[in-house]
Amino acid sequence: MTQERIYAVTLPKWGLEMTEGTVAAWHVGEGATVASGEDLVDIETDKIVNTLESEAGGLLRHAAPVGETFPIGALIAVIADPSVSPAEIDAFVAGFRPVTLAENEAPPESGGGPGSSAVATPPAAAAGPDGGNREVNASPFARRRAAELGVDLATVAGTGRGGRISERDVEAAAAAQPSSAQADPEIGAVQPDGRGTAEPGSETVAMSATRRAIARTLVQSQQTIPRFSVVADLQVEELVRLRSDLTVGAGSPQPTLNDLFIKATALALADEPGLNAHVSASEITRFSAVNVCFAVATDEGLVAPVIRDAAVITVTAIARETARLSAAARARTLTRADIEGGTFTVSNLGMFDVRQFDAIVTPPQAAVLAIGAVRREPYEDDGGNVAFRSAVAATLSCDHRAIDGAMAARFLQGLRRHVETPAALAGR
């Protein structure tokens, strides 16, 4: 068998922070012919779906199951010449070694050359902290999950290719095991009377790649960012009026209040650039370009595509971009360029009648603005009479390593100017 007759399809690396990907959909069925350059498989990474093109032509064999997650460099399929036998393909898959395999992982056993002084090590001792798990055909993520749950991989039946054990297999095995919590009620949820067991009709589902990426970001934010929040009420009578008065060309979307808030925020950031920044452990990077992320709710969770140069482009251009990016987010067709490079985030829950909320700062950004619903409130006018006006609660959450209270207050003052006297927004 020659390498040229069998081509390995491995999980590629898209982006510096990508460590794993989930097979979302195959464009070619198992055993079907694929041509070089043809769309082969969709891979879900952190909040986006990338399509991998085939780099070879032939029959698609050993395609990984949809929904299974793999580390970078893992084998997810092979493309073989029709003359290649199933036995040759099985041998190729069994002998495949990912190029990203850790250097300190023991290579396959060899007989040792002449003069070798290596001493045979009992399997249990060679296996390391996870007991005999190293010798089992399991993904790195399954091994890590097994260590967390105390599952012996030797007892787990793998459902992946060639009996490979996945995270889901480990979790299923852990759920099927007699719980040690029955012996110690203080550390478990399973009680002799059945209290703590799943309610009838409930279900447990694995997190998607998007949900896992969101979870990692939120945990990082909560654990590493010293956050504080400042709230301001903004009067939006004039902003609401401006939105209704705006005229756009045929085929262009009508700007929304959120589009106007994005524009006002961008101008306020241009006035107070200390908030338009990224923060690391020892550095603060401030940007001249204002690239505003805006939160979009999808079935898989929130994603935050980027409006680039929001302080420079017009409100109409912002409306076109938010419409395009929102549709792409819900269709899961965002590109990496659509979600990278943000310097600040605006999250608006006003359409859900939420009065006020705190948004999570997304590392490495220094701040996030949360916009609530437009509400009617009474106030005393200049003549001493009670009147009503429209207002919005704007909550600014900041990373205190880069932003202090006075800087946050100045930003909100600038935002108020742009929101409460918004005529200039229409032409900028």
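The values are calculated or read from the model by the stated rules, or taken from the named source; none is laboratory data. Please read these numbers as outputs of a predicted model, since none were measured by experiment. Glycine gets a Cβ as well: all are built from the backbone with ideal geometry, and neighbour counts include every protein chain shown. With ligands, DNA and RNA removed, areas are computed over all heavy atoms of the protein, side chains included. Shrake-Rupley method; radii C 1.70, N 1.55, O 1.52, S 1.80 Å.
A probe of 1.4 angstrom, applied to the heavy atoms of all protein chains, finds Thr256 with accessible area near 60 square angstrom.
Roughly to the nearest percent, how much of the accessible area of the stretch 317-365 is carbon and sulfur, given a 1.4 Å probe? Write out the running numbers ahead of the final one.
Working: 1300 of 2360 Å².
Of all accessible area on the stretch 317-365, carbon and sulfur atoms account for 55 percent.
Summarise the long-distance tail of P(r) for the stretch 295-428 by giving the % of C-alpha pairs beyond 25 Å. For the stretch 295-428, the fraction of Cα-Cα distances above 25 Å is 35 percent. Heavy-atom accessible area with a 1.4 Å probe sorts His418, His400, largest first, into His400, His418.
What length, rounded to one decimal in nm, is gained on full extension from Thr19 through to Asp299, with 0.36 nm per residue of separation minus their alpha-carbon distance? Provide the component values of the computation, followed by the final result.
Numbers: separation 280, 0.36 × 280 = 100.80 nm, distance 2.28 nm.
Result for the pair: 98.5 nm of gain on full extension.
If you sort the three axes of the alpha carbon gyration tensor as a ≥ b ≥ c, you get a/c of 1.5 or more for the stretch 249-300 and a/b no higher than b/c, which makes it oblate.
Just the number: Rg to Rh for the stretch 187-326, Cα atoms, Kirkwood Rh, two decimals.
On the way: Rg = 21.2 Å, Rh = 19.0 Å.
My calculation of the ratio gives 1.12.
Considering only DSSP states other than H, G, I, E and B, which GluC sites (Glu not before Pro) in the stretch 10-41 qualify as loop sites with at most 13 other Cβ atoms within 10 Å? Could you put the intermediate results ahead of the total?
On the way: sites: Glu17, Glu20, Glu30, Glu38; in loops: Glu17, Glu30, Glu38.
Answer by residue number: Glu17, Glu30, Glu38.
In sequence order, the stretch 68-84 has phi-based couplings of 8, 9, 9, x, 4, x, 5, 6, 10, 5, 10, 10, 10, 4, x, 7, 6 Hz under the Karplus curve 6.51 cos²θ - 1.76 cosθ + 1.60, θ = phi - 60°, and Gly or Pro positions carry x.
Per-residue extension of 0.36 nm, minus the Cα-Cα distance of Phe96 and Arg324, leaves a gain of 77.9 nm for this segment.
Met407 to Asp271: extension gain in nm, 0.36 nm per residue of separation minus the Cα-Cα distance?
Working: separation 136, 0.36 × 136 = 48.96 nm, distance 1.10 nm.
That works out to 47.9 nm of additional length.
Here the Karplus curve 6.51 cos²θ - 1.76 cosθ + 1.60, taken at θ = phi - 60°, turns the phi angles of the stretch 367-379 into couplings of 7, 8, 10, 10, 10, x, 7, 5, 10, 9, 9, x, 8 Hz, with x standing for Gly and Pro.
Filter the chymotrypsin sites (Phe, Trp or Tyr not before Pro) in the stretch 232-335 down to the DSSP loop ones having no more than 15 other Cβ atoms within 10 Å, then list what survives.
Details: sites: Phe261, Phe287, Phe294; in loops: Phe287.
Passing sites in the stretch 232-335 are Phe287.
Using the alpha carbons alone, the radius of gyration of the stretch 299-376 stands to its Kirkwood radius in an Rg to Rh ratio of 0.96. Against the empirical 2.2 N^0.38 Å (N residues), the stretch 1-80 has a Cα radius of gyration ratio of 1.04. Surface exposure of the stretch 266-405, expressed per residue as accessible area with a 1.4 Å probe, stands at 44 Å². Between Gln177 and Ala87, the FRET efficiency estimated from the beta carbon spacing at R0 = 41 angstrom works out to 0.65.
The Cα center of the stretch 385-413 and the Cα center of the stretch 43-62 differ in position by 46 Å.
Could you tell me the calculated FRET efficiency between Arg211 and Val386, based on Cβ-Cβ distance and R0 = 45 angstrom, to the nearest 0.05? Intermediate values should be presented prior to the final figure.
Details: r = 48 Å, r/R0 = 1.07.
For R0 = 45 Å, the calculated efficiency reads 0.40.
Residues whose amide H lies under 5 Å from that of Val41, counting only those 5 or more places away or on a different chain, are His27, Leu52; hydrogens are built 1.01 Å from N in the peptide plane. Under 17 Å from a point 7 Å along the Cα-to-Cβ line of Ala373: which residues of the stretch 229-255 have their amide N that close? Only 234, 236 pass the distance filter.
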